[in-house]
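The values are calculated or read from the model by the stated rules, or taken from the named source; none is laboratory data. Predicted, not measured: the structure shown is a model, and the values here were computed from it. Positions of Cβ are backbone-derived with ideal geometry, glycine not excepted, and every protein chain shown enters the neighbour counts.
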Amino acid sequence: MQSPIAQIIEEIKAKKVFRRNKKRVELKILSALLYFYGLFLRKVSRFLSLFEQISHESIRIYYHRIKRILKPPERKRKRLIAVDETKLKLESRQIFIWSAVDVDTKMAIWTSEGRESFEACAFLKDVLNYCKNKPEVVVDRGFWYRLALERLGLNYKHETFGCRNAVEGFFSLLKGRTKRFWNRFPFKSSFDSVQSWL
């Protein structure tokens, strides 16, 4: 039986994901997977440069090429999900970043141009695609959640602290990263590039 890495290498070579192979395919896959599982690009670059010189920009490109062949996460039972949204700037307009966090793991991130019940409903429907059941949802007092949650038949409760700290912690990390570019995305960023970065 083939190892998972050997299967990925075979699939990448068969689909001709990379046009040039100056770097070994194994290194490209390893760098993309380390980034996929949560390490920052520069940390992956520093770590892998102990073995072979590789830039953080190359890793970003490898990840975007490989992510098309990675399997989506499997559906699991969820007990409790904390949901929230925050604002960022994309050129001259505001966009909203939505996040749903299980008490144990990050689940979903989504971007929209508005913050109404329609967007909340669309985001929550997307979150439910990763759940085998209908978990309880913890939200703040944003009026846009009530209608969306009732429409989807989800049990929910309002909470300012407590279980919602998981999603607030994620947004604290996100704002720490976006503070480097003044909580706005670089000039000529597209909606798709923002979603991909997230």
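Okay, here's what the table says:
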read-out: Considering residues of region 155-174 that are among the hydrophobic types (A, V, I, L, M, F, W, C) and out of contact with any Leu (no Cβ under 7 Å at 6 or more places or on another chain) only, the residue surrounded by the most Cβ atoms within 10 Å (Cβ to Cβ); value: Val167
read-out: Verdict on Tyr62 being in a helix (DSSP H, G or I), out of contact with any Pro (no Cβ under 6 Å at 6 or more places or on another chain), at pLDDT 80 or above and within 30 Å of Val138 (Cα to Cα); value: no
read-out: One residue from Phe191, Phe171 being at pLDDT 80 or above and out of contact with any helix residue (DSSP H, G or I) (no Cβ under 8 Å at 6 or more places or on another chain); value: Phe171
read-out: Residue match in region 93-116 (condition: hydrophobic (A, V, I, L, M, F, W, C), modelled with pLDDT of 85 or more and surrounded by fewer than 16 Cβ atoms within 10 Å (Cβ to Cβ)); value: no
read-out: Pairs where the first residue, in region 184-198, is more than 13 Å from Lys89 (Cα to Cα) and the second is at pLDDT below 75, C-beta under 8 Å, 6+ apart; value: Ser193/Phe185; Trp197/Phe185
read-out: Wholly enclosed helices (runs of 4 or more DSSP H) of region 137-198 bearing at least 3 residues closer than 14 Å to Ile97 by Cα and not assigned by TED's automatic domain parsing to the domain that holds Leu41; value: 165-178, 191-197
